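Remarks on the structure that follows.
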Amino acid sequence: MASDMDDLIAEIEQMIEEDDPDLLETLVEAVGHRQQRVRIYAGLRLGELFQDARAIPALAEALEAGSRREQTEAASLLWEIADADTPGMLRALHHAPTAARDTLADALYRIGWSPMDADTAVAYYITTHQWRECIVMGSEAVPGLLSALADWDGSVRRGAAWALGEIGDGR
């Protein structure tokens with residue numbers, strides 16, 4: 001199994017060196033690989049070369065389990081991606097399983113990232129189920145919370161309804 005993992009990493013390195021047009025697709029597939037070392041490597045390269053939000057779960061994993069160098073690189077890349085593609089980052093968070101979402105939100109917190117405006121803050125708080133933060137925002141959070149009432153995830157709908165009730169906005 002180690003040889004398969006090493007072979008895949010070597011193949012990706014060669015694709016990078018040759019500027020292979022299939023590199024992006026290969027990296028996106030590799031961030032879902034069964035081996036953690038491959039996921040982390042692919043996530044770091046995907047973030048570095050493409051600033052692609054699909055690298056975010058692997059970057060969060062690198063922060064948790066990578067070497068010190070990988071952790072430093074992952075923190076930097078998470079910051080860059082979150083700022084460059086905030087909607088992509090929010091989509092990655094929204095579609096991640098609960099445990100991964102919590103890890104990602106914690107990773108963003110640990111690197112000091114914070115939303116730049118009220119709309120992004122509301123979307124981030126809804127995505128990470130930080131309902132009390134929405135309540136603190138008050139009426140600024142209402143439009144986003146109203147949209148969340150149509151979310152596919154029942155826990156998001158319940159949380160949004162609760163936060164709206166606590167805010168007490170008459171809309």
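The values are calculated or read from the model by the stated rules, or taken from the named source; none is laboratory data. All of these numbers come straight from a predicted model, not from anything done at the bench. FYI the Cβ positions are ideal-geometry reconstructions off the backbone, even for glycines, and counts take in every protein chain you see. SASA here: full protein model, heavy atoms, side chains in, ligands and nucleic acids out. Shrake-Rupley method; radii C 1.70, N 1.55, O 1.52, S 1.80 Å.
Is the C-alpha gyration tensor of region 29-71 telling us rounded, prolate or oblate? Criteria: a/c under 1.5 is rounded; beyond that, a/b larger than b/c is prolate, otherwise oblate. Taking the square roots of the gyration eigenvalues as a ≥ b ≥ c, region 29-71 is oblate. Taking 7 Å steps out from each Cα toward its Cβ at residue 151 and residue 5 produces label points 3.5 nm apart.
Legend: residues 72, 128, sorted from most to least accessible area (1.4 Å probe; ligands, DNA and RNA excluded), read 72, 128. Distance between the 7 Å Cα→Cβ label points at residue 28 and residue 95: 0.9 nm.
Per-residue ellipticity at 222 nm computed for the chain from its helices equals -23000 deg cm²/dmol, with DSSP H segments shorter than 4 residues left out and the rest contributing -39,500 (n - 2.57). Taking the Cα centre of the chain as origin and assigning +1 to Lys and Arg Cβ atoms and -1 to Asp and Glu Cβ atoms, the resulting dipole is close to 1040 debye. Taking every alpha-carbon pair under 8 Å whose residues sit at least 6 apart, region 93-171 reaches a relative contact order of 24 percent. Our summary gives the chain a relative contact order of 12 percent, counting only alpha carbon pairs under 8 angstrom and 6 or more residues apart. Considering all alpha-carbon pairs of the chain, what whole percent are spaced by more than 30 angstrom? The proportion of pairs with Cα distances above 30 Å equals 26 percent.
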